Every structure is written in structure tokens, then in C-alpha cells.
Amino acid sequence: MKTRFILINTSHAGNVGAAARAMKTMGFTDMVLVAPRWANVLRREETIQRASGALDVLTNARIVDTLDEALDGMTHLCATAMTPRDFGPPTRGPREHFELLLKDELLRQQIRRIEPDLPVKTDESSESDDKTASGMGFLFGSERFGMTNDDVYRCNVALSIPTNPQFGSLNLGAAIQLIAYEWRMTLGGFPVGGTETASAELNDTRPLADAAQVAGMLQHWERSLAELGFLDPAAPKKLMPRLNQLFNRAALSPEEIHILRGIAKAMSEAAAKQK
């Protein structure tokens, strides 16, 4: 999904380079700077040195004058703030919040598959109708002052990285690295070895089989299991409802339905050979 890192009033050029490096290591490339101290910050020598090879992130980065411009297309906003604000959004650790988002999206996918025409809205973590589908924005304030209250109030959550209570200060690049890592892991992560073969629940844009396709497949399995002798039609007990729940949790695609029907056909053929 679309993910953007937004740096507000950044004052040190080296931190912009470090942010680009942290983002690239986790596979993110969308960085927007809001009114940084240096107008040419993306081309400064310290920035380029600290980027350590993440020059493509710097090349694609944008500089804008206002936060409104930086938030274009973002539907779920995460502030980074050490202390909660009165009347502000809830404060959570990154991992805790991302797990809530993942749980919420999985529930939404399941409802969409069971009732494809039903508008889906959940109240977990955000007022957005679809907070994980369009854009996730991570906001970071200036090195000296952090984020302003007004900017935090615009966000759905304030992320607070669990740190040593006696020394909780994090460099901007380090904070971005930690949050980028946690978000990448929520999206499925990268396999050890660096090949991009991992899939993710929140990144899963494949079409899902509709309820009629799942029901037809289950009926096919019921017949095949009966022919194989595994299912007694006179006393089926709870086998088919349990299989139904199992396949619902799997969020099957039409291609996977086709595979499962092929397995059912093979079971029927095997049963016929036994007779």
C-alpha cells in the first residue's frame, strides 16, 4: 500500500539523508519535506553522504511549504510524539497500533467476501472508512521541538516508541528506521536473504472468491468426502461448518477455489477406483 514519510521543519541536512537510508532499507521511497531549514537540503553534501546509496529516495523526495500539501492522498495519519496531548489522538506503541490495523483490515476483507455489497465501516483505531487502502502517512516533527499540538491533533494516532524512561531521546533517522521496520513487518516483511517474495495481508490486492464460489466448492467437497467414505451423510456432525470456517479464514481467491475443486475431483476419482 501507499506509505509516505513526512518530515516537518527538519533542521539538520544529515538527518534527511539518514531518513532516506532508513526508508530504503525497508522498501519505502515516498518522502516529503515540509518547510525544511535548507531549501537545497536534498542536494547538500551531508545529506548525500548520510543517505549512503539511497539517492533514489532523495531524487524522488518532494519539498512543500505546508503540511496540507504533504498529506495529499493520505487517509491514515500517524504522529510521532513522546508525550500524549490533551484532546489529541490515542497514544500507542507502533507494534500495538499496527496489529490493530491488521486485525481491522482482515475483518474488513472477511466481511467484503461474505457480503460483497455491504458497506464496511469499523471503529477500531480510526474514523476513516478505509484507513489501510489508500495511504499511510508517518509524520515527524523538527529535531528540537517535535510536532506541534495542531499537527498532532490532525492524526489518527500518536506513535510513541517504547524507550528507556531515563533516556528516551531518539535521533530522527533512528526513529524513522524503527517505525519503518515495524510497518514493513506488518505488511509482511522481507524474507531472510533479501529476495522480494514475501506477501502481506495489508498488501494483498488479489481478487477474493465470492460467497457463491465458496459455497459451490464446499458442496463439491461434501460430495467427494462422502464418496471417499470420510463423511457420513447420515451423521455429518460439524465437519462441513468447520471446513466452511476454515476456508472463510483463508480468504480464498478464485484460482484457489479452482485448485480445491481439482482436489475434490481427484478424491471422487480415487473413490471410484476403490469400488
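The values are calculated or read from the model by the stated rules, or taken from the named source; none is laboratory data. Model, not experiment: these values are computed from the prediction. Cβ: placed from backbone, ideal geometry, glycine included. Neighbour counts: every protein chain shown. Only protein heavy atoms, including side chains, enter the accessible area calculation; ligands, DNA and RNA are left aside. Shrake-Rupley method; radii C 1.70, N 1.55, O 1.52, S 1.80 Å.
Screening the candidates D123, D151 for the property of being of a type in the set (D, E) and modelled with pLDDT under 85 yields one hit, D123.
Of all residues in the range 216-226, none are open to solvent by less than 60 Å² (accessible area, probe 1.4 Å), modelled with pLDDT of 80 or more and in a loop (DSSP other than H, G, I, E, B). Going through (1) in a helix (DSSP H, G or I); (2) modelled with pLDDT under 85 one by one, L208 falls short only on (1).
Cβ separations smaller than 9 Å between residues 6+ apart or across chains give the following pairs from the range 56-77 residues that are under 27 Å from E45 (Cα atoms) to residues that are of a type in the set (K, R): D56/K24; V57/R21; V57/K24; L58/R43; L67/R154; E69/R62; A70/R4; A70/R62.
Considering only residues in the range 1-30 that are in contact with a Lys or Arg (Cβ under 9 Å, 6 or more places away or on another chain) and charged (D, E, K, R), the one that is nearest to T66 (Cα to Cα) turns out to be D30.
Results for (1) over 23 Å from F190 (Cβ atoms); (2) modelled with pLDDT of 95 or more; (3) open to solvent by 20 Å² or more (accessible area, probe 1.4 Å), shown as yes or no for each residue.
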{"position": "L7", "(1), (2), (3)": "yes, yes, no"}
{"position": "F28", "(1), (2), (3)": "no, yes, no"}
{"position": "E46", "(1), (2), (3)": "yes, no, yes"}
{"position": "G53", "(1), (2), (3)": "no, no, yes"}
{"position": "T83", "(1), (2), (3)": "yes, no, yes"}
{"position": "T91", "(1), (2), (3)": "yes, no, yes"}
{"position": "L101", "(1), (2), (3)": "no, no, no"}
